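The values are calculated or read from the model by the stated rules, or taken from the named source; none is laboratory data. What you are looking at is a predicted structure, and each value in this text was computed from that prediction instead of being measured. Ideal geometry is used to build each Cβ from the backbone, glycine not excepted, and the neighbour counts take in all protein chains shown.
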Amino acid sequence: MYSRFTTLLNHSEEDQRKLEKSTAAVVGLGATGSAIAENLARHGVNLVIIDRDYLEPKDTYSSSIYTPEQCENALPKARAAEKYLENFTDAEAYSESLSSENLDILESADIILDGTDNLETRQLINDYSKRENVPWVYTAAIAERAYSMPFIEKCFNCMVQKPEKVATCETDGIMREVAQKAAASSSMKAVKYLTGRKIQEKLEIIHKNRLLEVENSGCNVCTGEEYPHIENTDSATKVCGQNKFQMEKQVTEQSTQSAIKNGKLLVENDFLVRIEYEEKEITFFRSGRIIAEAEDEGHAEALVSEVAGI
């Protein structure tokens, strides 16, 4: 199965055995993350896959591993991805948001790969990486721009301490081929690291074919003085896209039935209930999580309270 890899000039059957004994965590399973997960699965790398989101029709365009039927039925991305990836390797799926409360799901990972399109989650991964000495690979694909960088000694927090307005795939769109280029670059970095090769710890600007030096500024994260994103316990957090907020709530059958009664039902399955209320979409995950379209965090909390009484 792996003969095309093991006959490469700089790789061997021993490298393949190393990959099969390795575990990579992929956080976020959208356009870039799903491609990264597929690449590593086909190399035989064991996977921990994490995504809090559900599939939508637009994901049929963005990713090659989801079917139109899965997207129409709003299946959790992690569960749909797990079903596909298990054709090639062991995959353990978590349909939840990565947070300071569940970082233990990363414990088995030899490397973490970012597919999030979310600054806060990337900073959380970076905090964990520095605290636990586990490398991670940053990946970004926006519009027709693509970036990739491994973080081993360097610090992502130093690079983005004062970020400008952060574009996302929701605000600027994404060319699927660009996402695949970014995913391929980050996947290759992971394969090289897991087989013991040295990788350049530089920001790769893929669409310009450039490597950029990134220096640590000596922030509190890379010096080990504090890990602010691990300590963050906000009740509502912004998610990828414009005006979407996630909340951890006790989602009961009573609350979902109340939401269905008070709003317009869009999707209902074993994993979630999605409604429209006051021209805003609200998704209630049966596992105990809610994503709501809203103007701000307070508005999100108020909408959920009005429609579901929680």
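A count restricted to segment 193-229 and to residues that are assigned to a loop (DSSP other than H, G, I, E, B) and basic (Lys, Arg) stands at 3.
On the given criteria, is Glu101 touching a strand residue (DSSP E or B) at 6+ places or on another chain (Cβ under 7 Å), surrounded by fewer than 18 Cβ atoms within 10 Å (Cβ to Cβ) and either among the acidic types (Asp, Glu) or over 23 Å from Gln180 (Cα atoms) (or both)? Here the answer is no, as Glu101 does not meet what is asked.
Screening Glu215 with (1) assigned by TED's automatic domain parsing to the domain that holds Val137; (2) modelled with pLDDT under 90 gives one miss only, at (2).
Per the listing Leu40, Leu19, Leu8, the residue uniquely without any contact (Cβ under 8 Å) to a residue 24 or more places away in the chain and closer than 14 Å to Met188 by Cβ is Leu8. Could you list, in sequence order, all residues of segment 255-287 that are assigned to a helix (DSSP H, G or I) and touching a residue at least 40 places away in the same chain (Cβ under 8 Å)? Passing the criteria: Ser255, Thr256, Ser258, Ala259, Asn262. Counting only helices (runs of 4 or more DSSP H) wholly contained in segment 1-89, the ones carrying 3 or more residues that are closer than 29 Å to Gly173 by Cβ occupy 31-42, 59-62, 68-72, 77-85. Count of segment 104-120 residues, restricted to those that are buried (at least 21 other Cβ atoms within 10 Å of the Cβ) and either of a type in the set (Asp, Glu) or at positive phi (or both), is 2.
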